[in-house]
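See structure below.
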Amino acid sequence: MTRKVPVIDLTDFRTGRDKQAVVEQVADACRSIGFLVISGHGVPAEMFDAMLGVSKGFFDLPVETKKRAIPADGSFRGYSELANMSLGQSLGDDAPPDLREGFSVNRVQDKSDPYYSNPAAGKLFAPNVWPDPEDVPGFEQAFSDYYLAMEGVATTLMRIFALALELPEDFFDAKVDKHFTNLVAYHYPPMPAAPKPGQLRGGAHTDFGSLTLVYGHPSVSGLQVWDGSEWEDVPVEPGTLVVNLGDLMAQWTNDLWVSTLHRVANPPESEWDKARYSLIFFHQPNYDCVIESLDQVNPAKYPPTTSGEHLRRKILAMRVAA
């Protein structure tokens, strides 16, 4: 049976008018498909517009200019070139590189706390890399503002998740207060020729962390969820964010909630000349947070892991050799 992705308004939770009604809707979506679309998230349209504006400005630059924003230390920051990663490979598939380029930042908040420089964190808190302000005016400010706004939405969702799992509302707060979330702007450029066999704008995969927030432009058209028998389009609703669960949330709940296979499909040939953009906030719990089953009834399906180690493994698996 097809599992439809629901559209859920968070307003009643955010205002405190009827938290339980929202919690029940979110719990049902997390159990059944692991995807939902949220309105009433509180992020103004102007913030999306600002992010898209600077993202387009950057991706329109000459390739050699963009490459100046590739970090010398190999950390997951700054510019990632077109077709240099394969999401399908994160699941062990022999998948071609994805048809996209991106720009990534991590925490924009103060990182003077020794926690962020602990050798155990490796490069997870490496400094962000920014383009020259003269090339893209306002870039750093727009990314920083958007990062903090998405952090607020993710915090709200984690509190909804806690209540949906019959836990105290603040259960996850101390597990995500020093998160190492990546915010990535992706550009899917026009396709000048047919893709390679099996090549997509974003190969089939599950996400790695606790949850992911997605905003697409001109929409999220092309984002599809595997319903067990076929690919289902995620609803296109103006001004909304798509939310999907990641592997760590599935492991935390002992698969009571699902991290669902999804992909970014190629457009029909008549739209190969059109570019698309997506803004993605890959929410990741604190690197030393132990992820182990919260299920007090059934045997654990997964051995304990940490948020940091899980992400390192996944990122290494999807890099495409030069």
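The values are calculated or read from the model by the stated rules, or taken from the named source; none is laboratory data. If you're wondering where the values come from, they're calculated on a predicted model, not measured in any experiment. Cβ placement follows ideal geometry from the backbone for every residue including glycine, while neighbour counts extend to all protein chains displayed.
Please verify whether the stretch 208-223 includes one or more residues that are modelled with pLDDT of 90 or more, among the polar types (S, T, N, Q) and in a loop (DSSP other than H, G, I, E, B).
Yes, some residue in the stretch 208-223 is modelled with pLDDT of 90 or more, among the polar types (S, T, N, Q) and in a loop (DSSP other than H, G, I, E, B).
Could you grab the pairs with beta carbons closer than 7 Å, sequence gap of 6+ or different chains, first residue in the stretch 118-138 and farther than 19 Å from residue 285 by Cα, second one surrounded by fewer than 16 Cβ atoms within 10 Å (Cβ to Cβ)?
Note: pairs meeting the criteria are 135/65.
Taking only the stretch 4-54 into account, find how many residues are over 21 Å from the mean Cα position of the chain (by Cα) and either under 23 Å from residue 277 (Cα atoms) or basic (Lys, Arg) (or both).
Looking only at that region, the number is 3.
How about the stretch 241-284: which of its residues are surrounded by fewer than 24 Cβ atoms within 10 Å (Cβ to Cβ), of a type in the set (Val, Ile, Thr) and under 17 Å from the mean Cα position of the chain (by Cα)?
258, 260, 280
Just to be sure, is residue 202 in contact with a helix residue (DSSP H, G or I) (Cβ under 9 Å, 6 or more places away or on another chain), surrounded by 15 or more Cβ atoms within 10 Å (Cβ to Cβ), under 30 Å from residue 274 (Cβ atoms) and at pLDDT below 95?
In short, yes.
Testing residue 285 on (1) part of a loop (DSSP other than H, G, I, E, B); (2) over 20 Å from residue 152 (Cβ atoms), one condition comes back false. Which one is that?
Residue 285 satisfies all of (1) part of a loop (DSSP other than H, G, I, E, B); (2) over 20 Å from residue 152 (Cβ atoms) except (2).
Restricting to the stretch 141-181, name every residue that is small (Gly, Ala, Ser) and either surrounded by fewer than 19 Cβ atoms within 10 Å (Cβ to Cβ) or more than 21 Å from residue 311 (Cα to Cα) (or both). Lay out the reasoning, then the answer.
Restricting attention to the stretch 141-181, the residues satisfying the condition of being small (Gly, Ala, Ser) are 142, 144, 149, 152, 154, 162, 164, 174.
If the condition is that a residue be small (Gly, Ala, Ser) and either surrounded by fewer than 19 Cβ atoms within 10 Å (Cβ to Cβ) or more than 21 Å from residue 311 (Cα to Cα) (or both), then 142, 144, 149, 152, 162, 164, 174 are the ones that fit.
Filter the stretch 253-283 down to residues that are under 19 Å from residue 165 (Cα atoms) and touching a residue at least 60 places away in the same chain (Cβ under 8 Å), then give me how many there are.
Step one: filter the stretch 253-283 for residues under 19 Å from residue 165 (Cα atoms), giving 253-260, 283.
This time we only want the ones that are touching a residue at least 60 places away in the same chain (Cβ under 8 Å), so: 253, 256-260, 283.
The number of residues fulfilling the criteria is 7.
Of all the helices (runs of 4 or more DSSP H) wholly in the stretch 12-75, which have at least 3 residues that are among the polar types (S, T, N, Q), in contact with a strand residue (DSSP E or B) (Cβ under 6 Å, 6 or more places away or on another chain) and modelled with pLDDT under 95?
In the stretch 12-75, no matching helices (runs of 4 or more DSSP H) lie anywhere.
I need the full set of residues from the stretch 18-63 which are in contact with a helix residue (DSSP H, G or I) (Cβ under 6 Å, 6 or more places away or on another chain), β-branched (Val, Ile, Thr) and under 20 Å from residue 246 (Cα atoms), in order please.
23, 26 - these are the residues of the stretch 18-63 that are in contact with a helix residue (DSSP H, G or I) (Cβ under 6 Å, 6 or more places away or on another chain), β-branched (Val, Ile, Thr) and under 20 Å from residue 246 (Cα atoms).
Got a number for residues in the stretch 139-168 being in contact (Cβ under 8 Å) with a residue 12 or more places away in the chain, aliphatic (A, V, I, L, M) and over 18 Å from residue 44 (Cα atoms)?
Here the count works out to 6.
Considering 250, 204, which residue is touching a Leu at 6+ places or on another chain (Cβ under 6 Å), outside any loop (DSSP other than H, G, I, E, B), touching a residue at least 40 places away in the same chain (Cβ under 8 Å) and not acidic (Asp, Glu)?
The conditions single out 204.
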